[in-house]
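See below for the structure under consideration.
The values are calculated or read from the model by the stated rules, or taken from the named source; none is laboratory data. What you are looking at is a predicted structure, and each value in this text was computed from that prediction instead of being measured. Here the Cβ positions follow ideal geometry from the backbone for every residue, glycine too, while neighbour counts run over all protein chains shown.
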Amino acid sequence: MNPDEFLSYLYRSRAEGCTRCQLHATRDKVVFGVGDADADLVLVGEGPGAEEDRLGEPFVGASGKILDGILRRVGLDRERPGLYICNVVKCRPPGNRDPEPEEQAACAPFLHTQLRIIRPRVIVTLGRVPGMYLTGQLDDDVTVGYLRNHLWEYANGVTGLRCPLVCTYHPSYVLRNLDSDPPQARTATIKMIADLEKALRVIDPSP
Ligand code: SF4
């Protein structure tokens with residue numbers, strides 16, 4: 001099986017009908033992930049929102065449009081090879097609350113298996129929840145500002161995959177500030193672009 005077939009098999013055989021955690025009861029669609037199964041870069045968000053739940057694709061709502069704009073600024077496009085996008089939990093937490101630790105733990109095998117199949121050269125987390133989860137920094141006072149100031153390593157003892165990991169903001173942070181605090185939204189956008197450029201330098205260090 002090639003990586004694309006393996007991801008499809010994982011989705012159809014395990015994720016599509018999954019009832020491993022309580023989120024299955026309120027979801028419409030399982031939002032497994034989209035993109036290139038051979039991607040050098042994997043973006044990991046927190047969980048699906050309302051639009052994502054309806055359409056079955058990650059980052060297709062208002063914050064997804066912001067993400068697409070930021071990706072274009074660094075030469076990336078979800079429709080082109082090289083990029084895969086998914087979330088820590090594959091089903092929408094009601095009311096867009098943070099996924100509970102036990103929901104993250106129940107869904108984690110899907111994420112780790114996706115990463116093992118894709119074998120990216122770098123991972124970028126979007127927001128506090130995936131940043132904390134994949135770096136193992138679980139203190140309540142951990143902030144995205146702290147996480148984004150380090151170059152982390154994703155190391156999975158079960159799958160054997162190791163690769164650098166960069167943390168940045170979730171595009172919904174930009175969205176929330178667009179009207180209430182435009183300078184803050186602009187600053188967050190600039191920082192997200194810088195973080196993605198840092199990740200891309202891992203793939204291609206040439207200036
Ligand atoms: Fe299964 Fe993950 Fe959905 Fe929970 S969030 S029901 S573990 S696919």
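Below is a table of values for the structure above.
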{"item": "Near pairs, Cβ below 7 angstrom, 6+ apart or cross-chain, from the stretch 102-124 (more than 9 Å from the ligand (Cβ to nearest atom)) to any residue that is of a type in the set (Val, Ile, Thr) and assigned to a helix (DSSP H, G or I)", "result": "Arg121/Val202; Arg121/Ile203; Val122/Val202; Val122/Ile203"}
{"item": "Leading residue by the ranking (nearest to Asp28 (Cα to Cα)) among those in the stretch 53-109 that are in contact with a strand residue (DSSP E or B) (Cβ under 7 Å, 6 or more places away or on another chain) and surrounded by fewer than 22 Cβ atoms within 10 Å (Cβ to Cβ)", "result": "Glu57"}
{"item": "Leading residue by the ranking (nearest to Val129 (Cα to Cα)) among those in the stretch 89-101 that are within 7 Å of the ligand (Cβ to nearest atom) and either at pLDDT below 95 or of a type in the set (A, V, I, L, M, F, W, C) (or both)", "result": "Val89"}
{"item": "Residue satisfying all of: in the stretch 19-36; near the ligand (Cβ under 7 Å from one of its atoms), part of a loop (DSSP other than H, G, I, E, B) and touching a Cys at 6+ places or on another chain (Cβ under 8 Å); nearest to Arg80 (Cα to Cα) among these", "result": "Val30"}
{"item": "Members of the stretch 142-164 found to be charged (D, E, K, R) and farther than 14 Å from Lys191 by Cβ, listed by number", "result": "Glu153, Arg162"}
